[in-house]
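The values are calculated or read from the model by the stated rules, or taken from the named source; none is laboratory data. Since we're looking at a predicted model, the values are computed, not measured. Glycine also receives a Cβ, built like all others from the backbone with ideal geometry; neighbour counts cover every protein chain displayed.
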Amino acid sequence: MKRVGIIAEYNPFHNGHAGQIAALRSRGAQSVAVVMSGSFAQRGSPAVFSKFTRARAALEGGADLVAELPAPWATAEADRFAEGGVFLLAALGCDAICFGAECGGAEPLAALAQILDDPGFDAGLQARHAAGGGSLAALRAQLAEERLPGAAALLAGPNNNLGVAYLRAIRRLGLPLQAIALPREGAAHDAPLPSGGVCASAGALRGRILAGDLAALRPYVPAGAFALYEEDAAEGAVLDEQAFSLSLLTALRLGDAAAFARLPGAGGEGLANLLARAAAEATSAAGLYALLKSKRYTHARLRRLALAAYLGLTDDLPRLPPYLRLLGGTKAGLQGIPGQAAGAAVPVSHSLAQLARLPGAAGQVAALEARAGALWALCLRRPRPASEEFTEKFIRP
């Protein structure tokens, strides 16, 4: 293993993340590269701290290189999120990918990935969904269990789910990435803050941050990361959920069903009309999600749909990220970046301004990333200028 890659949100970076990097070092990884979500997360919400703070925390926590997963992939469903992530890891020169898994290893996930890759599986899944049998996620687990006993239990683990998505994406794109699945240790996904120990879930930590109790993070995050979070909190550069709620509804009320029909994942299932009606009636983000609630669609899918409308994403975006944006890295980490994967070369830069000037898809996606950063900057306790997306320097730890 020369360079091992990690796909992460680091929302926020904590001891469990630092432990994963340390474990890879102990297994012989010469370099650890991270593809990290930017201003918004896959669950359909803004990050609690800026991408630059989180990237610096990761670099101080042992990573050699941090690149950004652009918003259209960072906020997408698992398969698109995974494709964008593994593609960029390959473009960074990684020969392996490491992820946590509740099941503790890659072999069970590889067997499940093979079942899900069967063309007949997807046809059967769509047929059941069309018959109104429930959400795609529930039907997927049901059908997988029929073909592979134990599959439903595997799919119940969020990290297992992402691991399967990574394996399938690697196979689809033909990438030379070895899979390393480490047992997930410490707090479970979104578990409450524990009363002792040094590991907590990112969800529990976000809860304390949003409640204004930053001191509660101290036992669960590296000292360097905690200092960074304190600096941001002192400057008001922390997510304000009420500010996001108002900003989200403002953007959605300026849209309409015709525009929403072009959103990724809107399909022809009446979701565009549902979103338009809910946006007109809701007075908060929580109220919006409650109005969107449906047995047919998962909560996560509906949140992502609303966020896509907010960010101005459309269904005609390219399948894969059209550039590689570096947020920070060590001297060693910057060596040997091929800038190509799956037979495609992508421009490499730390400058969003430079990427935004590129023609075609690269410039289009960079403009969307700039919009995402500008909107995120309004959703803080103390809003910040949109220009910071362009003026932040490359991070050298």
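Looking only at helices (runs of 4 or more DSSP H) that lie completely in segment 251-363, which have at least 1 residues being charged (D, E, K, R) and surrounded by fewer than 16 Cβ atoms within 10 Å (Cβ to Cβ)?
Filter on segment 251-363 gives 271-281.
For segment 1-35, enumerate the residues that are aliphatic (A, V, I, L, M), out of contact with any strand residue (DSSP E or B) (no Cβ under 7 Å at 6 or more places or on another chain) and free of Cβ contacts under 8 Å to residues at least 40 places away in the same chain.
Matches in segment 1-35: none.
Look through ALA361, ALA300, ALA285 and report the one residue that is of a type outside the set (Asp, Glu), touching a residue at least 40 places away in the same chain (Cβ under 8 Å) and touching a Leu at 6+ places or on another chain (Cβ under 6 Å).
The unique qualifying residue is ALA285.
Looking at ARG168, ARG218, ARG206, ARG147, which is the one that is under 20 Å from the mean Cα position of the chain (by Cα), over 18 Å from PHE81 (Cβ atoms) and of a type in the set (D, E, K, R)?
Answer to the selection: ARG206.
Mind checking which residues of segment 248-282 are more than 24 Å from ARG80 (Cβ to Cβ) and of a type in the set (Gly, Ala, Ser)?
Scanning segment 248-282 gives ALA280, ALA282.
So the check is Cβ under 8 Å with 6+ separation or different chains; which pairs have a first residue in segment 146-167 that's touching a residue at least 12 places away in the same chain (Cβ under 8 Å) and crowded, with 19+ Cβ neighbours inside 10 Å and a second one that's assigned to a helix (DSSP H, G or I) and of a type in the set (S, T, N, Q)?
Final answer for the pair search is LEU154/ASN160; LEU155/ASN161.
Can you tell me which of LEU214, LEU239, LEU248 is touching a Pro at 6+ places or on another chain (Cβ under 9 Å) and hydrophobic (A, V, I, L, M, F, W, C)?
LEU239
For ALA286, indicate whether it is over 24 Å from the mean Cα position of the chain (by Cα) and at pLDDT 95 or above.
No.
Going through ALA309, ALA300 one at a time, which residue ends up being out of contact with any Phe, Trp or Tyr (no Cβ under 9 Å at 6 or more places or on another chain) and among the aliphatic types (A, V, I, L, M)?
Answer to the selection: ALA300.
With respect to SER26, determine if the residue is polar (S, T, N, Q) and within 15 Å of the chain's Cα centre (by Cα).
no
Given (1) within 20 Å of ALA90 (Cα to Cα); (2) touching a Gly at 6+ places or on another chain (Cβ under 8 Å), where does LEU305 come up short, assuming only one miss?
(1)
Just to check your reading of the model, which residue among LEU263, LEU248 is touching a residue at least 60 places away in the same chain (Cβ under 8 Å) and not assigned by TED's automatic domain parsing to the domain that holds ALA29?
LEU248
Step by step: first the residues of segment 95-122, then only those that are among the small types (Gly, Ala, Ser) and under 24 Å from the mean Cα position of the chain (by Cα), then the one that is nearest to MET1 (Cα to Cα). Which residue is that?
Here the residue is ALA96.
Yes/no matrix, rows are residues, columns are (1) modelled with pLDDT of 95 or more; (2) farther than 20 Å from ARG304 by Cα; (3) acidic (Asp, Glu):
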{"site": "ALA82", "(1), (2), (3)": "yes, no, no"}
{"site": "ASP95", "(1), (2), (3)": "yes, yes, yes"}
{"site": "PHE121", "(1), (2), (3)": "no, yes, no"}
{"site": "ARG140", "(1), (2), (3)": "no, no, no"}
{"site": "LEU148", "(1), (2), (3)": "no, yes, no"}
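Sort out which residues of segment 71-89 are crowded, with 24+ Cβ neighbours inside 10 Å and in a loop (DSSP other than H, G, I, E, B), and write them in order of number.
THR75
Would you be able to say whether some residue in segment 102-121 is within 23 Å of ARG301 (Cα to Cα), in contact (Cβ under 8 Å) with a residue 60 or more places away in the chain and surrounded by fewer than 21 Cβ atoms within 10 Å (Cβ to Cβ)?
yes
Which residues, taken from segment 133-188, are part of a helix (DSSP H, G or I) and among the polar types (S, T, N, Q)?
Selection gives GLN142, ASN159, ASN160, ASN161.
I'm checking my understanding of the structure. Among residues of segment 44-70 that are assigned to a loop (DSSP other than H, G, I, E, B) and small (Gly, Ala, Ser), which one is surrounded by the most Cβ atoms within 10 Å (Cβ to Cβ)?
Going through the qualifying residues, I end up with ALA63.
Which numbered condition trips up GLY212, out of (1) assigned by TED's automatic domain parsing to the domain that holds THR53; (2) among the small types (Gly, Ala, Ser); (3) assigned to a helix (DSSP H, G or I)?
Going through the list (1) assigned by TED's automatic domain parsing to the domain that holds THR53; (2) among the small types (Gly, Ala, Ser); (3) assigned to a helix (DSSP H, G or I), GLY212 breaks only (3).
Can we say ARG371 is part of a helix (DSSP H, G or I), of a type outside the set (Asp, Glu), touching a residue at least 24 places away in the same chain (Cβ under 8 Å) and not assigned by TED's automatic domain parsing to the domain that holds LEU65?
No: the conditions fail for ARG371.
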